[in-house]
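Some notes on the structure that comes next.
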Amino acid sequence: MISDDLPTERLSLVDLLDRLLAGGVVLTGDLTLRIADVDLVRIDLRALISSVDARVPSPWEPPAP
Amino acid sequence: MKTDGELLYAYAVARDGGSPADVPETLTGVADEPVVPVRHAGFAALVGRVPAAEFEEDALRERLEDLAWLERVARGHQRVVDAAVSAFSCALPLRLATVYRDEEGVRRMLADGSASLGSALDRLEGRVEWGVTVYALPPPNPPDPPDPLELSPTPSPPESAPAPSGRDYLRRRGAQRRAREADARRAGRAAEAVHDTLSPLAEEVRLHPPQDSRLSDHPGHNLLNAAYLVPRERTEEFTRTVAALTDDAPDGLRIRLSGPWAPYSFVTHAP
């Protein structure tokens, strides 16, 4: 079954984000900015969707008036 | 070594083989910057200098909302990790946006983490990650039964067929709903069967949350989003099995293989 009817570019990005946002070694240390373990783990696909779908409110900012 | 306005973005860690030529000079990272190894404590970390204006904490938080920016960074990160896997026999990908102020920070990370980095490298040596997703496509839309409360003057039914009653309408609706539920159960069982067939070929398995179709643009419903850690020598068997499952998949089920990946999903044991 060939998946030529599917948006493969976008799917490959989602496959990658699954791994980059939930996988990979999480390191801590005095001099790291601790971005990886503090913030990124809380960014799930829902937060990402907010950048492409304005109807989902951003998790960081109050909705624009 | 610190340059103002720059941070060090770390991509991957491998054992330091001692060879100076193991990373291609043309390799560039998330900010199109050259990538170089920082060697310490028997390990090499691949790092690049990136603008602090983009990668310090506040800037990063803002930019992560920008899907185009995130895609550029994600693809750049993957490019360097893939190069690390080719250059070294085994490389550990780091979490997206692992950023240090200077090389001293990277060296301290390598020294402090040497025990866990070493054991992860030992465990993952000679293995690759494969991703398999199973999607159920929506069934072709059955025409809605005509609403009996709505008088449609146009298509007069053939004289032999009496106008459907309200009871007929509800019965048909119920049958459609039951058929949809049965389809969903069948698709769920088929996805489980895919996972049950592939799991014995893998040393470790990790299930990622289902992919959201609003992000993936996929018309279907994601039933399985799994990562399999497969020894290199079983790769052919694994991909052949996925191909056979794909060929035999029931109508409406889509099985996708992605990889080989660096072992992103397995650097820490599954939670």
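If we scan the range B:80-87, do we find a residue that is in contact with a Lys or Arg (Cβ under 8 Å, 6 or more places away or on another chain), under 24 Å from A:L13 (Cβ atoms) and either buried (at least 16 other Cβ atoms within 10 Å of the Cβ) or modelled with pLDDT under 90 (or both)?
The answer is no, given that none of the residues of the range B:80-87 is in contact with a Lys or Arg (Cβ under 8 Å, 6 or more places away or on another chain), under 24 Å from A:L13 (Cβ atoms) and either buried (at least 16 other Cβ atoms within 10 Å of the Cβ) or modelled with pLDDT under 90 (or both).
So which residues in the range B:220-234 are surrounded by fewer than 19 Cβ atoms within 10 Å (Cβ to Cβ) and either closer than 15 Å to B:L201 by Cβ or facing chain A (nearest Cβ under 8 Å) (or both), if there are any at all?
B:P231, B:R232, B:E233, B:R234, listed by residue number.
Test B:A115 against the stated conditions and say whether it is out of contact with any Asp or Glu (no Cβ under 8 Å at 6 or more places or on another chain), at pLDDT 90 or above, assigned to a helix (DSSP H, G or I) and at the interface with another protein chain (Cβ under 10 Å from one of its Cβ atoms).
no
So B:S199 fits all but one of (1) away from chain A (no Cβ under 14 Å); (2) among the hydroxyl-bearing types (S, T, Y); (3) crowded, with 21+ Cβ neighbours inside 10 Å; what number is the exception?
(3)
Only one of B:E237, B:E204 is more than 10 Å from chain A (Cβ to nearest Cβ), among the charged types (D, E, K, R) and closer than 30 Å to B:T98 by Cα. Can you tell me which?
None of the other options fit; the residue is B:E204.
If B:P139 satisfies all but one of (1) more than 10 Å from every other protein chain (Cβ to nearest Cβ); (2) more than 30 Å from B:D251 (Cβ to Cβ); (3) at pLDDT below 95, what's the number of the condition it fails?
Checking B:P139 against (1) more than 10 Å from every other protein chain (Cβ to nearest Cβ); (2) more than 30 Å from B:D251 (Cβ to Cβ); (3) at pLDDT below 95, the one that fails is (2).
Of all residues in the range B:176-194, which are under 18 Å from the mean Cα position of the chain (by Cα) and surrounded by fewer than 19 Cβ atoms within 10 Å (Cβ to Cβ)?
None - no residue of the range B:176-194 is under 18 Å from the mean Cα position of the chain (by Cα) and surrounded by fewer than 19 Cβ atoms within 10 Å (Cβ to Cβ), so the list stays empty.
The values are calculated or read from the model by the stated rules, or taken from the named source; none is laboratory data. This structure is a prediction, so every number in the text was calculated from the model and none was measured. Backbone-built Cβ (ideal geometry, glycine too); neighbour counts: all protein chains shown.
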